[in-house]
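Below is one structure, written out as structure tokens, with a few remarks after it.
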Amino acid sequence: MKLTGAEIIWECLQKEGVDVVFGYPGGAILPTYDAMTKYPKIHHVLVRHEQGATHMADGYARASGKVGVAIATSGPGATNMVTGIATAMMDSSPIVCITGQVGSKAIGTDAFQETDVTGVTLPITKHNYLVTKPGEIARAIREAFYIAKSGRPGPVLVDITKDAQQMTAEFDWEGAAPRLPGYRPSYHAPMSEYARAADLINSAKRPLILAGQGILKSGTTAEVLALAKKAGIPITTTLLGIGVIPASSPLNLGMMGMHGEAWVNQAIQQADLLIALGMRFDDRVTGNLKTYALNAKKIHVDIDPTEINKNVPVDVALIGDLREVLALVEPQVKKATHSDWWTSINAQRGDAAVRDIQALPDSGHLYAAHVINDLWRLTQKRDTIVVTDVGQHQMWEAQYYRHEKPRSLITSGGLGTMGFALPAAIGAKFACPDKDVWVVVGDGGFQMTSCELATAEQEGIKVNVAIINNSFLGMVRQWQEFFYDKRYAATPMTGPDFVKLAEAYRLKGLRCNTRADVKSTVEKTLAAKGTVVIDFVVEKEDSVFPMVPAGADLDKMIRRPKQDVMLESGSDKDWEMPSASAAPVKKSAPARGRGKTLPTTKKATRPAPRKSPRR
Amino acid sequence: MAKHTLIAYVEDVPGVLNRISSLFRRRNFNIDSLTVGRTEQAGVSRLTVVVEATDAGARIVEANLYKLVNVLRVDDLTHKSALMRELGLVKVKVTPQTRAQVLQLVEVFRARVVDVDEETLVIEVTGTPEKIGKFELVLRPYGIVEIVRTGAVAMARGSALLSSAPPLVRTDTSADHGNDDSGLSMSV
Ligand SMILES: Cc1cc2nc3c(=O)[nH]c(=O)nc-3n(C[C@H](O)[C@H](O)[C@H](O)COP(=O)(O)OP(=O)(O)OC[C@H]3O[C@@H](n4cnc5c(N)ncnc54)[C@H](O)[C@@H]3O)c2cc1C
Ligand SMILES: Cc1ncc(C[n+]2csc(CCOP(=O)(O)OP(=O)(O)O)c2C)c(N)n1
Ligand SMILES: [Mg+2]
């Protein structure tokens, strides 16, 4: 069957099972858009900025586990995708980006809207293609999908010249099967390594599982829980591991790392064995590598050999898919309880989990932590996906929203891309139309991609946008407060009237200033038909605690000053520990003095300003 | 840190060299030399890369090369019995007084003169990169006008097969895997 290159693109997408694509037209991709009208089974979402298209594809992929697709024209269309592609790369999200390119004869001539897109995206894609002939399109797209979703997933870009879209070629799907002699999506560790891993686990006194996004990718929540339960091993998750282990599981200690639970980071430093499952020892997770978990032997399970010994030297490396690795390790692991270890962790936890958010008297101020914890209480019975942006609100969400299911939190971890949340949430909603999708976003990040409200409106979909509005680039302000003597350079930020902005987009806008109103605001939002934007006006200068300053030792955390009544993190009534002695110690909180977050007198507890902090 | 010699078989497709050099730049590995050429197999090129790295670092380079879709196989010949050769052309000044001395050095290094005029000689020398470095050193006093080196190519001796998978590293926690100062710390 002879088809144009443009038709071949759509045929291939259909064969790959694509039901929705996110894109933006332009000259070099116009033949493809023209052919789109013949393929009504694939829904095209017109975005407002190509960055949005990539984040939507990413959100779609993260919510569904399927490959997300974004389309753009050459030159500026393609370069607008760069941030979204890099975001997907860092968090191993499977997306395929299709870009138009100038005619093959014009390549290299600085033709109108010509950019070397395969060159630009080379280091931020898992692989990419420049296709100049219609007969090569099918294979490139098939390979792109295969590469994007197999092994360690990631973004793949296919740049297709305009003439290749216009000319015809034989469409032969079968004949276009991937031919990738050098591509090795997965490996197997030698059997001897499994025995060594099991030995380490069986002889450990203070083992700890570090659960990462690899568990989500391999769908091994049950297997990990079974292993942990059998061998009595506590679990902590990374930011991207949140949800892979239910927050309510007694085995789950919470998040590790820079803004992780104090007792978790202490446990890491005290452990005699770390079992890293599909996590990559990011610097937000380890703090100072020279002092990281020095008492522990380390087992690292990862599908990607380049992750082994990259940041943390390990004793046993099990390179392979987690599912396969766990199936081989688990039978060799002996039953254990490690009750002394649990007792010691629980003692630290009791001490760290100082206050119960429910017990907080309301002084009238609205704190982000309140908003998020209440949001969790009000939405926990519903099937909810929360998509967060980047900043303080992201960390508070990680601490105060209790995720029970994999893929119920979608966030940009590795790249930390502000502006991710709203478009990613739109993508997630297309993947899971039956779920509630909430956006938790800062006033800063929201303004980066708020144009996508128009996309939500045009598509008639419902995402619930909770702007945590502190009138600051809060996370940066926090660093300035801690490490730059409160010189708030370029962090105070105004914004539009978000309620009116929503209304300008023909959407519902709500504002909430007090804790008492959070419940009714959330209820109104849930009851409304379309997308709702809520302006939660919160305390301006609150900070995220605990915090391990970048590059500091993991257990050298900055803690919330005592006279401040905000709770440290994540503890509340529903948090139950496995043993009776494990119940968190509840202390009643002092009631007043909440306006200011960090009295300057507390400075001494903070480290000196660092010369070159990493963000 | 020592010099590591890796060879890689890669698909001969447009942009493949770019991918490899981009990888080295991106991961902050220092390339000493890089050569590419055809192989006995159509559509397959062979690369020799000499890189400054610790053993652990070299394993990470190897694993990263494997991660490139167009890379077929990689082997680190550093600790294997292998041949390494490079070719150099040296244009050196000569005077009637020094000509004989230079020709004697050519003899000693088993090099050969490939071009002559009144004031210069062009000498072709092959051997290990160290040998060529030495040759350059001894000619320097006479005045080197120009020098060009191909970069090393390498081949394992004997009939042992090349490795075809990245190292399934079970590494020691020895100090050679520096976290910051190995020159291989990767900014991810
Ligand atoms: C403002 C901010 C603050 C942050 N603070 C924290 C913090 O306090 N704590 C924290 O944890 N993070 C924090 N992060 C996130 C952090 O930067 C990293 O993104 C995160 O730690 C990475 O988690 P991960 O290693 O689980 O996931 P990934 O980076 O996705 O790594 C997953 C690993 O699993 C492997 N894998 C994938 N599939 C499989 C499979 N099938 N089988 C086996 N292995 C597989 C991959 O190869 C990869 O190595 C923060 C981010 C931001 C923006
Ligand atoms: C695109 C981009 N630019 C800059 C940053 C650096 N940065 C990290 S957090 C942050 C502040 C975010 O402010 P806001 O969105 O209001 O969220 P808040 O921290 O106040 O909750 C900034 C500027 C980033 N992560 N991404
Ligand atoms: Mg803000």
Can you tell me which residue in region A:136-195 is nearest to the chain's Cα centre (by Cα), limited to those that are closer than 27 Å to A:Leu328 by Cα and of a type in the set (Ser, Thr, Tyr)? A:Ser150
Would you call A:Val264 away from ligand 2 (no atom under 16 Å from the Cβ), outside any helix (DSSP H, G or I) and in contact (Cβ under 8 Å) with a residue 12 or more places away in the chain? no
Among (1) of a type in the set (Gly, Ala, Ser); (2) within 15 Å of ligand 1 (Cβ to nearest atom); (3) in the same structural domain as A:Tyr60 (by TED's automatic domain parsing); (4) surrounded by 21 or more Cβ atoms within 10 Å (Cβ to Cβ), there is one condition A:Ala164 misses while meeting the rest; what is its number? (2)
I need a count of the residues in region A:188-205 that are assigned to a loop (DSSP other than H, G, I, E, B) and either touching a Ser or Thr at 6+ places or on another chain (Cβ under 8 Å) or surrounded by fewer than 20 Cβ atoms within 10 Å (Cβ to Cβ) (or both). 3
Over region A:472-518, the set of residues polar (S, T, N, Q), more than 19 Å from A:Thr388 (Cβ to Cβ) and either within 16 Å of ligand 3 (Cβ to nearest atom) or buried (at least 16 other Cβ atoms within 10 Å of the Cβ) (or both) is A:Gln480, A:Thr491, A:Thr494, A:Asn513
Determine which single condition B:Asn179 fails, assuming it passes every other condition in (1) at pLDDT below 50; (2) more than 9 Å from every other protein chain (Cβ to nearest Cβ). (2)
Hits in region A:139-169 (condition: more than 15 Å from A:Met89 (Cα to Cα) and not hydrophobic (A, V, I, L, M, F, W, C)): A:Arg139, A:Arg142, A:Glu143, A:Tyr146, A:Asp159, A:Thr161, A:Lys162, A:Asp163, A:Gln165, A:Gln166, A:Thr168
Write out, first by first residue and then by second, each pair whose Cβ atoms fall under 7 Å of each other, whose residues are 6+ apart or on separate chains, and whose first residue, in region A:310-327, is away from chain B (no Cβ under 12 Å) while the second is small (Gly, Ala, Ser) and assigned to a helix (DSSP H, G or I). A:Asp321/A:Ser218; A:Leu322/A:Gly214; A:Leu322/A:Ser218; A:Arg323/A:Ser218
With the condition kept exactly as written, say whether any residue in region A:273-294 is within 11 Å of chain B (Cβ to nearest Cβ), assigned to a strand (DSSP E or B) and either in contact with a helix residue (DSSP H, G or I) (Cβ under 7 Å, 6 or more places away or on another chain) or without any contact (Cβ under 8 Å) to a residue 12 or more places away in the chain (or both). no
If you go through region A:317-351, how many residues are touching a helix residue (DSSP H, G or I) at 6+ places or on another chain (Cβ under 6 Å), of a type outside the set (D, E, K, R) and more than 10 Å from ligand 1 (Cβ to nearest atom)? 8
Residues A:Ile467, A:Ile461: which one is in contact with a helix residue (DSSP H, G or I) (Cβ under 6 Å, 6 or more places away or on another chain) and within 11 Å of ligand 2 (Cβ to nearest atom)? A:Ile467
Region A:85-123 - residue that is out of contact with any Ser or Thr (no Cβ under 7 Å at 6 or more places or on another chain), in a loop (DSSP other than H, G, I, E, B) and of a type in the set (S, T, N, Q) and, of those, farthest from the other protein chains (Cβ to nearest Cβ): A:Thr109
Do any strands (runs of 3 or more DSSP E) entirely within region B:44-94 hold 1 or more residues that are closer than 16 Å to B:Asp12 by Cβ and within 10 Å of chain A (Cβ to nearest Cβ), and if so, which? B:44-53, B:71-76
State whether the residues of region A:216-228 include one that is within 14 Å of another protein chain (Cβ to nearest Cβ), surrounded by 19 or more Cβ atoms within 10 Å (Cβ to Cβ) and in contact with a Gly (Cβ under 8 Å, 6 or more places away or on another chain). no
When residues of region A:130-185 are filtered for being within 24 Å of B:Ala165 (Cα to Cα) and not polar (S, T, N, Q), how many remain? 22
Can you report the number of residues in region A:150-170 which are within 14 Å of chain B (Cβ to nearest Cβ) and touching a residue at least 40 places away in the same chain (Cβ under 8 Å)? 10
Failed item, numbered, when B:Glu130 is tested on (1) part of a helix (DSSP H, G or I); (2) more than 24 Å from the chain's Cα centre (by Cα); (3) not β-branched (Val, Ile, Thr): (2)
Within region A:124-133, is there a residue that is surrounded by fewer than 22 Cβ atoms within 10 Å (Cβ to Cβ), away from every other protein chain (no Cβ under 11 Å) and either part of a loop (DSSP other than H, G, I, E, B) or on the phi < 0 side of the Ramachandran plot (or both)? yes
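To keep it simple, each residue is scored yes or no on (1) at positive phi; (2) within 14 Å of ligand 1 (Cβ to nearest atom).
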| site | (1), (2) |
| --- | --- |
| A:Ser218 | no, yes |
| A:Pro234 | no, no |
| A:Gly243 | yes, yes |
| A:Val301 | no, yes |
| A:Asp304 | no, yes |
Region A:302-316, residues that are of a type in the set (A, V, I, L, M) and either modelled with pLDDT of 95 or more or in contact with a helix residue (DSSP H, G or I) (Cβ under 7 Å, 6 or more places away or on another chain) (or both): A:Ile303, A:Val312, A:Val314, A:Val316
For region A:206-215, which positions are crowded, with 22+ Cβ neighbours inside 10 Å and part of a loop (DSSP other than H, G, I, E, B)? A:Gly212
When you go through (1) crowded, with 24+ Cβ neighbours inside 10 Å; (2) among the hydrophobic types (A, V, I, L, M, F, W, C); (3) under 23 Å from A:Glu539 (Cβ atoms); (4) within 10 Å of ligand 2 (Cβ to nearest atom) one by one for A:Met448, which number turns out not to apply? (1)
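Results for (1) of a type in the set (Lys, Arg); (2) surrounded by fewer than 19 Cβ atoms within 10 Å (Cβ to Cβ); (3) over 30 Å from A:Ile303 (Cβ atoms), shown as yes or no for each residue.
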{"position": "B:Ile60", "(1), (2), (3)": "no, no, no"}
{"position": "B:Ala63", "(1), (2), (3)": "no, no, no"}
{"position": "B:Asp75", "(1), (2), (3)": "no, no, no"}
{"position": "B:Thr95", "(1), (2), (3)": "no, yes, yes"}
{"position": "B:Val106", "(1), (2), (3)": "no, no, yes"}
Would you please list the contacts, defined by Cβ atoms under 7 Å and residues six or more apart or on different chains, that run from a residue in region A:105-130 that is free of Cβ contacts under 8 Å to residues at least 12 places away in the same chain to a residue that is among the hydroxyl-bearing types (Ser, Thr, Tyr) and not in a loop (DSSP other than H, G, I, E, B)? A:Leu122/B:Ser22; A:Pro123/B:Ser22
Test B:Gln104 against the criterion of being more than 14 Å from chain A (Cβ to nearest Cβ), more than 15 Å from the chain's Cα centre (by Cα), polar (S, T, N, Q) and outside any loop (DSSP other than H, G, I, E, B), and give yes or no. yes
Conditions: (1) aromatic (Phe, Trp, Tyr); (2) crowded, with 18+ Cβ neighbours inside 10 Å; (3) away from every other protein chain (no Cβ under 13 Å). A:Trp173 meets all but one. Number of the miss? (2)
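The values are calculated or read from the model by the stated rules, or taken from the named source; none is laboratory data. Predicted model only: the values in this text are computed from it and were never measured. Heads up, the Cβs are rebuilt from the backbone with ideal geometry, glycines too, and the neighbour counts pull from every protein chain shown.
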